[in-house]
Structure formats: C-alpha cells, structure tokens
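> Below is the structure I would like to discuss, written out as structure tokens.
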Amino acid sequence: MTGITRRRFVGTAAAVGLGATLLPRGLRAAEFSYKMANNLALSHPMNTRLKEAADRIREGSGGKVDIQIFPNSQLGGDTDMLSQVRSGALEFFTLSGLILSTLVPVASINGIGFAFKDYGQVWKAMDGDLGNHVRQAISKVGLVAFDRMWDNGYREITSSGKPILKPEDLVGFKIRVPVSPLWTSMFKAFGSSPASINFAEVYSSLQTKIVEGQENPLAIIQSGKLYEVQKYCSMTNHMWDGFHFLANAKAFAELPKPMQDLVQESFNKSALDERADVASMNDGVKADLTAKGLIFADPDPQPFRDALKKAGFYAEWKQKYGDEAWALLEKNVGSLA
C-alpha cells in the first residue's frame, strides 16, 4: 500500500464497496481523495451539477483533488451522514437547513412556514445577511458551510385520501416530516400527526400506510417516484427548503489555500447552475406528474398563514431563534409575528 494515504484508501474502499469500478490510473495519484454524499436520486439536477463541479476540481487541481459523489443515500440516512461529516468519515455533504437544525438550531429559519413569498426574497436573504448569520453558527460545530445554498424548492403536500385545501384538512392528518423540530412544530400547530422519518424510508412508509401523506418539492416527488403511492398534490408552497453544502472543517483545512478556493468556487458555481435548473424544470415536472396520475390542487395560502399566527407558531419560533436572527428574517420578508 506504499504511496496511498489513509484518507485516499478509505475513500477508494468505500467506492469499491458500493460496486464502483477501480478508479482510473490517472486518479490514483490524487493527493486528496474525498467523498461527497447526498440523499437525492442520481437523476436530480443536484447530482448532475455536483459531478460537473467534481470534474472541474479534478481538472483545475491537476488531478490532485479527487471527489467521488455518492448520491441517493448510499452512505446512510441524513442523520447518519451528518454524523459522518462531523467525524471526518465523510468530507462533503449537502443537507437541508431544516434537518441541520437538530445540531444548529438557527439553520432551520429559512423553513419558517409561509415566510418567503418568492425566490427573490429567498436568495436575497440566504445569499446575504440571514444566510451569513446561519453560516457563522454552522462554523461553530466543526463544519464549513459554503456561500451558496442549493435549491430544494418550495415544498408541497401530497396525500393519498383527499387533497389538502384548507387548514382544517390537516387536523389529524398523519404526515411524514423530516427529522427536524420546525416541521414537527408547524404541523402540530395545524393539529396534524407528524412522524419524523428519514427520506430513504419515505416511499415504503407511504406504501404501507404508516403515514397518509408527506411534503416535498416537486422535483423530489418526481425523482423519488412518490406519485406511485400518492394521489393528490396540494401546491401549498408552505416552506422554502435548500441545501447547505457542508465540509468537514479539518478535512477542508488540509487542502492548500488555492485548492480550497477552487473547491468552494466550483461548488458555488454549480449551486447557481442547479438553482436555474430547478427553476426551469418545475413546469415540466408538474406536467409529468399530472401525466403520471397525480391530481393537483391550488389552495389559498392566507388561511394557513393565519392559522399559524393564531396558534402562536411565529411567536414561538421568534423566541427560539432570538431577536437578531428573527430581525434578519423579517428584514427580507416583512413582519410575521
């Protein structure tokens, strides 16, 4: 094993263990062989753009930095991979701020129900002062969050029995939510029965009726084939969700500064490209899902927003996030509480 570093051996072994072929001879000379994982299907635009970034980094570093992409929860569920990236077993990981909030509470602030009216507000906030506030908090737990979030889209509610048209339809509704306090809190405010389940188990949970419905962006509903086990999709746009690109701080610091810049710039560029992909594909995704039998409904968001305010949801989360973070949110979206 002469000439192979421990980090390179672990990364290569993981790839081979997942059924990948041995790396081409030219890539074995890499000084840094890192792993990047995510929970999305290979067909999702994120994985297309991640591969492009990895290719740019490999070429730009003269083969010194080789990043292998592991999509579709191949290395475990979200909580497992978060643990891995913190320990250094995994170098890079994309994770929803709403799930990251189990470790960094303020990371879920972008998912406050019905806060962002459109993408203009989203990117101004998350590329700017609100996003910087969150990234600073992330840096305190041994992780580096890159400057540009990846778009996971506005989230919609799917169901098997009836469409969700008004807040009352959510009372007693058994809905899968990610492992995140904010989701649980919001759906409890509506009187639902939320169940925290990792994404890798969503399809089977719907198929076996453990839950009646779930909520996700259209692209995830499509790539996860959730239309096979759901009948209705209500376009509630109740949360905007995005992925932080996370790096293990120690592993990232091992890269020479020029390579750090190359890695961050490459993934940030791909994040912007992925945003454009998601924006352009949404209409096509909806048409495709309709053709596959999913029935769409367009409820008025205002009664849902009013129900959350009446239930004290906004006041509760303002207190949890603190005045500084909440002020940065309202600076971008207007008054909520």
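The values are calculated or read from the model by the stated rules, or taken from the named source; none is laboratory data. Just so it is clear, the model here is predicted, and its values are computed rather than measured. With ideal geometry, Cβ positions are generated from the backbone for all residues, glycine too; neighbour counts draw on all protein chains shown.
> Out of the residues in segment 102-112 that are assigned to a helix (DSSP H, G or I) and among the aliphatic types (A, V, I, L, M), state the one that is surrounded by the fewest Cβ atoms within 10 Å (Cβ to Cβ).
Of everything passing the filter in segment 102-112, 106 is surrounded by the fewest Cβ atoms within 10 Å (Cβ to Cβ).
> Just to be sure, is residue 209 under 25 Å from residue 301 (Cα atoms), of a type in the set (D, E, K, R), out of contact with any Asp or Glu (no Cβ under 6 Å at 6 or more places or on another chain) and in contact (Cβ under 8 Å) with a residue 12 or more places away in the chain? Step through it out loud before you land on a result.
Numbers: under 25 Å from residue 301 (Cα atoms): no; of a type in the set (D, E, K, R): yes; out of contact with any Asp or Glu (no Cβ under 6 Å at 6 or more places or on another chain): yes; in contact (Cβ under 8 Å) with a residue 12 or more places away in the chain: yes.
In short, no.
> What residue, of 47, 39, 72, is crowded, with 24+ Cβ neighbours inside 10 Å and within 15 Å of the chain's Cα centre (by Cα)?
On inspection, the qualifying residue turns out to be 39.
> Here is a further query. Look through 147, 169 and report the one residue that is outside the structural domain of residue 217 (by TED's automatic domain parsing) and modelled with pLDDT of 95 or more.
Of the residues listed, the single one that is outside the structural domain of residue 217 (by TED's automatic domain parsing) and modelled with pLDDT of 95 or more is 147.
> If a residue has to be within 25 Å of the chain's Cα centre (by Cα), assigned to a loop (DSSP other than H, G, I, E, B) and closer than 26 Å to residue 232 by Cα to count, how many in segment 293-337 make the cut?
Qualifying residue count, segment 293-337: 3.
> Being in contact with a helix residue (DSSP H, G or I) (Cβ under 6 Å, 6 or more places away or on another chain), modelled with pLDDT under 95 and part of a helix (DSSP H, G or I) narrows it down to one of 57, 99, so name that one.
Criteria check complete, one pass: 99.
> Can you work out which of the residues in segment 95-147 that are among the aromatic types (Phe, Trp, Tyr) and out of contact with any His (no Cβ under 7 Å at 6 or more places or on another chain) is nearest to residue 302 (Cα to Cα)?
As a first pass, look at segment 95-147 and keep what is among the aromatic types (Phe, Trp, Tyr): 114, 116, 119, 123, 146.
When the remaining residues are screened for being out of contact with any His (no Cβ under 7 Å at 6 or more places or on another chain), the result is 116, 119, 123, 146.
Working: 116: 13, 119: 18, 123: 22, 146: 34 Å.
For segment 95-147, the residue satisfying everything is 116.
> Out of 200, 195, I need the residue that is surrounded by fewer than 17 Cβ atoms within 10 Å (Cβ to Cβ), outside the structural domain of residue 98 (by TED's automatic domain parsing), at pLDDT 95 or above and under 20 Å from the mean Cα position of the chain (by Cα). Which one?
Unique residue meeting the criteria: 195.
> Another one. Of all helices (runs of 4 or more DSSP H) completely enclosed by segment 113-230, which ones contain at least 2 residues that are closer than 25 Å to residue 316 by Cβ?
119-126, 129-138, 181-189
> Moving on. Just the residues that are within 18 Å of residue 51 (Cβ to Cβ) and out of contact with any strand residue (DSSP E or B) (no Cβ under 9 Å at 6 or more places or on another chain), please, taken from segment 61-83.
Those that are within 18 Å of residue 51 (Cβ to Cβ) and out of contact with any strand residue (DSSP E or B) (no Cβ under 9 Å at 6 or more places or on another chain): 63, 72.
> Considering each residue of segment 274-302, count those that are modelled with pLDDT of 95 or more, surrounded by fewer than 17 Cβ atoms within 10 Å (Cβ to Cβ) and not small (Gly, Ala, Ser), and give that number.
The qualifying residues number 6.
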